[in-house]
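Note sheet for the following structure.
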Amino acid sequence: MSPDFPRYLAMLLVAFSVAMPSAAYAQENVKGDPGDGLVKWDSTCSVRGCLIQTDVLRGISDDPAPPDPKDSREYVSINVAMERATRKPAYVTFMVDPRAQQDQGIFIAFTNSRKLGDAWKAEIDQDGANRLPACECTENACIARVPLGLVPEGKDRRSMNLLNKFMASTSLLILYMREGKPYRTMVLLSSFKKEYRRVLTDEFK
């Protein structure tokens with residue numbers, strides 16, 4: 001990480017950690033596998049490969065208005081495009097509200113959960129919050145695209161292999177800015193892990 005890593009990213013870590021734990025506790029205490037019931041990942045396959053994808057309604061944030069499930073702009077979408085030939089990602093995209101501030105990019109962080117007594121606690125991993133540039137904003141979404149799923153080292157991000165992070169983490173946190181307010185969403189990854197393994201076993205024989 002470069003020494004001039006922006007201070008506001010440290011502040012966003014606080015925003016993540018303050019805003020997300022209550023949701024994490026609730027999700028982790030669902031009986032059975034919470035990922036399947038709360039966040040469903042599906043795949044569409046072709047000759048070239050498979051697209052593993054999910055759409056999640058944004059989380060409760062600083063906006064006093066709750067997210068509207070009938071408004072497609074209020075969903076966060078994640079796409080992991082897997083190449084059949086290499087069995088590796090061709091790209092990973094993060095898509096958020098088209099009204100997001102493009103110059104702020106899209107922030108991501110990964111968490112892992114550990115049990116404390118009878119409760120679970122989600123902790124942001126050592127790589128912290130990383131900002132991905134929003135390469136495009138259309139009428140439908142602002143998009144951060146990561147070729148090969150490999151985030152390069154940068155002024156405000158650490159280098160990371162997103163597929164490895166998806167497989168090693170409990171959840172993904174996504175934050176974007178809109179009209180100066182942060183909008184946060186937690187995406188559980190257990191269903192992704194199951195679908196990824198199914199794709200390797202059943203589709204990439």
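Taken together, the values in this text are just the output of simple stated rules run on the coordinates, not laboratory data. Remember, predicted model here, so these are calculated numbers, not experimental data. All Cβ positions, glycine included, derive from the backbone under ideal geometry; neighbour counts span all protein chains shown.
What is the fewest-to-most order of ARG158, ARG48 by other Cβ atoms lying within 10 Å of their Cβ? Let's see the in-between values first.
Working: ARG158 16, ARG48 12.
So the ranking, lowest neighbour count to highest, is ARG48, ARG158.
Which cross-chain or sequence-distant (5 or more) residues have an amide H under 5 Å from the amide H of GLY59, H modelled 1.01 Å from N in plane?
Distant-sequence amide H within range of GLY59: ARG184, THR185, MET186.
Pull up all non-local amide H partners of THR170: gap of 5 or more, or a different chain, and H-to-H distance under 5 Å with H placed in the peptide plane.
Under 5 Å from the amide H of THR170 lie the amide H atoms of THR111, ASN112, SER113, each far enough along the sequence or on another chain.
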